[in-house]
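Structure first, then comments.
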């Protein structure tokens with residue numbers, strides 16, 4: 001059975017779900033994969049599953065997966081394996097996975113296998129390794145294809161937090177978080193502490209960890225745009241979205257100020273790199289003639305992006321991927337140059353200012 005995440009997720013939040021057998025979740029949005037695990041984990045625990053993770057470092061790793069599924073524990077009723085990695089099973093393993101799935105359907109065992117992979121295109125989905133999951137298991141497409149799906153999913157999360165936002169409040173939330181799923185989710189989490197105090201701490205923690213098994217565990221607190229504005233202002237400080245606005249506007253002095261403040265407040269370097277790389281990627285795509293609306297750029301910001309495009313030259317933007325790669329390497333500690341120094345260099349590139357002349 002194949003479903004989109006938005007179709008499958010609400011079902012998994014219900015109190016009774018059959019989890020035995022094969023599960024495949026594919027997509028490039030890590031947060032959705034984590035939410036899927038969080039939704040399945042209460043069912044695994046309720047049915048006394050031993051939960052383990054296995055990373056596929058090669059095709060041979062599948063033998064470890066099969067061995068783990070074949071082992072029995074004196075203390076657990078069954079095993080739930082979370083498998084990560086993109087190494088496809090060979091013919092022998094495919095046959096074993098098919099047998100495993102058929103036996104799960106007939107009730108011969110209760111083991112559960114969840115494989116998390118990057119997004120699989122139509123060609124991959126027609127491959128032999130995909131067949132056991134498609135014929136006998138559950139396939140969940142962990143991708144969001146439009147803003148409506150993003151808001152639908154966040155509305156489910158808001159309900160889990162005991163919140164109900166007006167349409168205007170939703171528009172402000174999405175605009176404020178630049179349609180970034182994680183940022184919107186974190187904002188909802190903070191709002192639940194501000195406006196839903198009737199929920200005790202354990203309810204909040206369970207909701208945040210995805211351990212609720214019902215979508216109706218919390219009473220809804222209605223929020224309008226004034227409530228949301230007050231909450232956002234009360235937590236006001238420079239964010240990566242302020243950085244984006246300053247970069248696109250070409251305000252190099254403001255960019256430097258924001259970068260220094262983000263560094264001082266220990267903003268995650270990965271989030272800063274995400275903001276810079278997003279804007280760089282969209283500018284490159286716009287300069288290649290792509291439609292801004294098709295890229296998901298709001299009309300209110302299209303003018304800023306066009307201004308940014310006019311400040312750049314093709315030869316300059318051609319160097320951006322290499323610069324972003326160096327930023328990523330610095331964040332991971334693989335190069336000596338400080339990550340914040342490279343992030344400032346990249347951010348200033350977007351304003352049209354270069355710290356170093358081209359060689």
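The values are calculated or read from the model by the stated rules, or taken from the named source; none is laboratory data. Since the model is a prediction, treat every value here as computed from it, not as a measurement. Here Cβ is always computed from backbone atoms with ideal geometry, including for glycine, and neighbour counts include all displayed protein chains.
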Selection from the range 104-125 of residues without any contact (Cβ under 8 Å) to a residue 12 or more places away in the chain and under 26 Å from the mean Cα position of the chain (by Cα) yields 121, 122, 123, 124, 125
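Mind listing just one residue for me: the one in the range 261-270 that is touching a residue at least 40 places away in the same chain (Cβ under 8 Å) and over 17 Å from residue 320 (Cα atoms) and, of those, nearest to the chain's Cα centre (by Cα)? Explain how you work it out, then say what you get.
To start, the set of residues in the range 261-270 that are touching a residue at least 40 places away in the same chain (Cβ under 8 Å) comprises 263, 269-270.
Applying the additional criterion that residues be over 17 Å from residue 320 (Cα atoms) yields 263, 269.
Values: 263: 23, 269: 17 Å.
Applying the filter and picking the extreme gives 269.
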Having 3 or more residues that are assigned by TED's automatic domain parsing to the domain that holds residue 153 and either in contact (Cβ under 8 Å) with a residue 40 or more places away in the chain or within 21 Å of residue 135 (Cβ to Cβ) (or both) is the bar; report the helices (runs of 4 or more DSSP H) wholly within the range 1-70 that clear it.
none
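Picking from 304, 323, 343, which residue would you name as being part of a helix (DSSP H, G or I), touching a helix residue (DSSP H, G or I) at 6+ places or on another chain (Cβ under 7 Å) and modelled with pLDDT under 90? It would help to see each step written out before you state the result.
Working: 323 fails: modelled with pLDDT under 90; 343 fails: modelled with pLDDT under 90.
The match here is 304.
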Condition check: closer than 18 Å to residue 7 by Cα, assigned to a helix (DSSP H, G or I) and in contact (Cβ under 8 Å) with a residue 60 or more places away in the chain. Does residue 149 satisfy that?
yes
Of all residues being in a helix (DSSP H, G or I) and out of contact with any helix residue (DSSP H, G or I) (no Cβ under 9 Å at 6 or more places or on another chain) in the range 262-301, which is nearest to residue 148 (Cα to Cα)? Just the residue, please.
299
